[in-house]
Amino acid sequence: MTIQVRPVSMDDWFACTQLQVSEEQKSTFPAPVVYWLAESRFVKDPMAIYNDSDLVGFAVYSDQEHDEGDYWLPALMIDSKYQGRGYGKEALRALIQRMQKTLNCKRILIGHRPDNHVAGVLYESLGFQRISEELIDGEVVRALKFGI
Ligand SMILES: CC(C)(COP(=O)(O)OP(=O)(O)OC[C@H]1O[C@@H](n2cnc3c(N)ncnc32)[C@H](O)[C@@H]1OP(=O)(O)O)[C@@H](O)C(=O)NCCC(=O)NCCS
């Protein structure tokens, strides 16, 4: 496995719109990639996730500071036919590294629906801790903190 995250380009934006989660996952991850690409006109940066030369997923992080040192990673998906092979975890690691390198971030914030247990376990396994017991806009919000 060689997972890479790369900015979506002229060459792969359409292929990214064809990536799909499973039917059941649409209840916890309802917005399609085309939505995130439209939003990225204003909130950057849409990223394509590759395993070697295969496009396997999509993610988006914001280059806009939300609060002092806080940056959001609003979406991460792996196409249903490539899930469960460790790609989501590797991609999230790569995104964290990229955000640390390119943004002066002290915390990365990430949210998921409370019934999205796979996302919760994945985020927790890389150090994202709940910032409150209450849901925020219907989501569990987690933060990964850097430094002390
Ligand atoms: C969440 C998501 C990105 C995970 O991607 P993935 O490539 O399937 O995940 P990985 O194979 O890297 O597995 C990550 C962890 O979740 C666990 N996991 C993956 N699929 C699972 C499943 N169906 N049931 C239980 N655990 C599962 C893995 O065992 C792994 O844990 P480990 O590291 O302790 O072994 C993917 O399921 C997805 O795209 N879901 C729909 C979109 C979504 O909900 N995104 C998150 C909210 S923004």
| field | Residue within the stretch 30-42 that is polar (S, T, N, Q) and either at pLDDT 95 or above or exposed (fewer than 15 other Cβ atoms within 10 Å of the Cβ) (or both) present | value | no
| message | Filter the stretch 69-87 down to the residues that are outside any helix (DSSP H, G or I) and farther than 17 Å from Phe29 by Cα and list them by number. | response | Gly69, Asp70, Tyr71, Arg85, Gly86
| said: So if I check each of Ile96, Ile108, which one is part of a strand (DSSP E or B) and either without any contact (Cβ under 8 Å) to a residue 12 or more places away in the chain or within 14 Å of the ligand (Cβ to nearest atom) (or both)? | reply: Ile108
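Given the options Tyr71, Tyr123, name the one that is near the ligand (Cβ under 10 Å from one of its atoms) and modelled with pLDDT of 95 or more.
Among Tyr71, Tyr123, only Tyr123 is near the ligand (Cβ under 10 Å from one of its atoms) and modelled with pLDDT of 95 or more.
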| field | Number of positions in the stretch 14-29 that are free of Cβ contacts under 8 Å to residues at least 40 places away in the same chain and either in a loop (DSSP other than H, G, I, E, B) or crowded, with 16+ Cβ neighbours inside 10 Å (or both) | value | 3
| query | What's the number of the condition Glu90 fails, among (1) outside any loop (DSSP other than H, G, I, E, B); (2) without any contact (Cβ under 8 Å) to a residue 60 or more places away in the chain? | reply | (2)
| If you take the residues in the stretch 43-80 that are surrounded by 21 or more Cβ atoms within 10 Å (Cβ to Cβ) and within 14 Å of Gln4 (Cβ to Cβ), which one is nearest to the chain's Cα centre (by Cα)? | Ala59
| Condition test on Phe128, is it more than 18 Å from Met1 (Cα to Cα), surrounded by 16 or more Cβ atoms within 10 Å (Cβ to Cβ) and within 13 Å of the ligand (Cβ to nearest atom)? | yes
| query | Of the conditions (1) away from the ligand (no atom under 13 Å from the Cβ); (2) under 20 Å from Asp12 (Cα atoms), Leu103 fails just one. Which one is it? | reply | (2)
| said: Which numbered condition in (1) within 13 Å of the chain's Cα centre (by Cα); (2) within 10 Å of the ligand (Cβ to nearest atom); (3) crowded, with 17+ Cβ neighbours inside 10 Å is the only one that Gln83 fails? | reply: (1)
| note | When every residue in the stretch 57-68 that is touching a helix residue (DSSP H, G or I) at 6+ places or on another chain (Cβ under 8 Å) and either in a loop (DSSP other than H, G, I, E, B) or more than 8 Å from the ligand (Cβ to nearest atom) (or both) is compared, the one farthest from Ser125 (Cα to Cα) is Asp63
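The values are calculated or read from the model by the stated rules, or taken from the named source; none is laboratory data. Small disclaimer: the values here were computed from a predicted structure and weren't measured. Glycine gets a Cβ as well: all are built from the backbone with ideal geometry, and neighbour counts include every protein chain shown.
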